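The structure appears below as structure tokens.
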Amino acid sequence: MWQYSGKLVSKIGLLLLAWVITIPTSASAIVVRHDRQDEELLALGERFPATGKIEPDGSCTLIAPTWIITAGHVAPLITPGVSLVQFGEKKYKIKRVVMHPDCKLRGNQPPKTDLALMELVEPVIGVTPAALYRKKNEKGKQIIIAGYGDLGDGTSRPRMSDGKLRAATNVIDKVRKNRILFDFSKPPSGTELEGVSGPGDSGGPAFIDVNGQPLLAGVSSAAMDGEPGRYGVTEVYTRVSEFAKWIDEVIK
């Protein structure tokens, strides 16, 4: 079963399930293996300035000067003309929200297509938009996930965020038509900076590095088969390559 993660659940009025229930939750922070230092996450996060922070809650990615992409279940929190997204030290107003036509909120379950685009009132300055990953060969690829959500180390419930951008790594274990999935492995298994999303990272990016260029391959959606932020949980991201054509059409 699926469940949204932590903070976003309560804020959009969905059923807030106890942490002990193992059904997918929407993601909201960067959680990394317990034997790594926070400085490593912060340093990696600095390499991905196209990752934005949505107020009041959620993450996103800049994919054009005036466009961001995020999870569809973040959209109910947005008031066009009022809500803000932050890149670096500057905040930008959100002009409008474009939900994917198949993004239907279904109680405590993530939409089949958990995706939304948001147009900004003005272009983002000083940040290069991320290009999309368009190939269908994601399985087995290493990814870098980034976000501003709650913090954790895999051994306990994530704690409150300090609002700083962090990043971790993982490897895509499974690919579905609309989704990519990866597990949070306990050391010594997993990558050197093995991590997953935590509460507050919903809508945040998963990048695949291609010749030194980070390409957006996934958008944080939910967690399943375990407690969010704990070893063994499976992360679910919306598969960007499946929706690249729709994204292109909306932005044009």
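For this structure, a couple of remarks:
- Residue in segment 213-225 that is assigned to a strand (DSSP E or B), outside the structural domain of residue 55 (by TED's automatic domain parsing) and free of Cβ contacts under 8 Å to residues at least 24 places away in the same chain present: no
- Residue match in segment 141-152 (condition: crowded, with 24+ Cβ neighbours inside 10 Å, among the acidic types (Asp, Glu) and closer than 30 Å to residue 79 by Cα): yes
- Subset of segment 197-212 that is farther than 25 Å from residue 244 by Cβ and assigned to a loop (DSSP other than H, G, I, E, B) - its residue that is modelled with the highest pLDDT: 199
For every residue, the table says whether it meets (1) surrounded by 17 or more Cβ atoms within 10 Å (Cβ to Cβ); (2) more than 18 Å from the chain's Cα centre (by Cα); (3) free of Cβ contacts under 8 Å to residues at least 40 places away in the same chain.
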| site | (1), (2), (3) |
| --- | --- |
| 101 | no, yes, yes |
| 106 | no, yes, yes |
| 118 | yes, no, no |
| 123 | no, yes, no |
| 133 | yes, no, no |
| 137 | no, yes, yes |
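- Among the conditions (1) at positive phi; (2) modelled with pLDDT under 90; (3) surrounded by fewer than 24 Cβ atoms within 10 Å (Cβ to Cβ), residue 81 misses just one, which is (2).
- Yes/no for residue 55 being modelled with pLDDT of 95 or more and of a type outside the set (S, T, N, Q): no
Rundown of residues vs (1) touching a helix residue (DSSP H, G or I) at 6+ places or on another chain (Cβ under 6 Å); (2) under 18 Å from residue 199 (Cβ atoms), yes/no style:
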{"position": "40", "(1), (2)": "no, no"}
{"position": "43", "(1), (2)": "no, no"}
{"position": "53", "(1), (2)": "no, yes"}
{"position": "58", "(1), (2)": "yes, yes"}
{"position": "64", "(1), (2)": "yes, no"}
{"position": "81", "(1), (2)": "no, no"}
{"position": "84", "(1), (2)": "no, no"}
{"position": "89", "(1), (2)": "no, no"}
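The values are calculated or read from the model by the stated rules, or taken from the named source; none is laboratory data. Because the structure is predicted, anything quoted here is derived from the model rather than measured. Glycine gets a Cβ as well: all are built from the backbone with ideal geometry, and neighbour counts include every protein chain shown.
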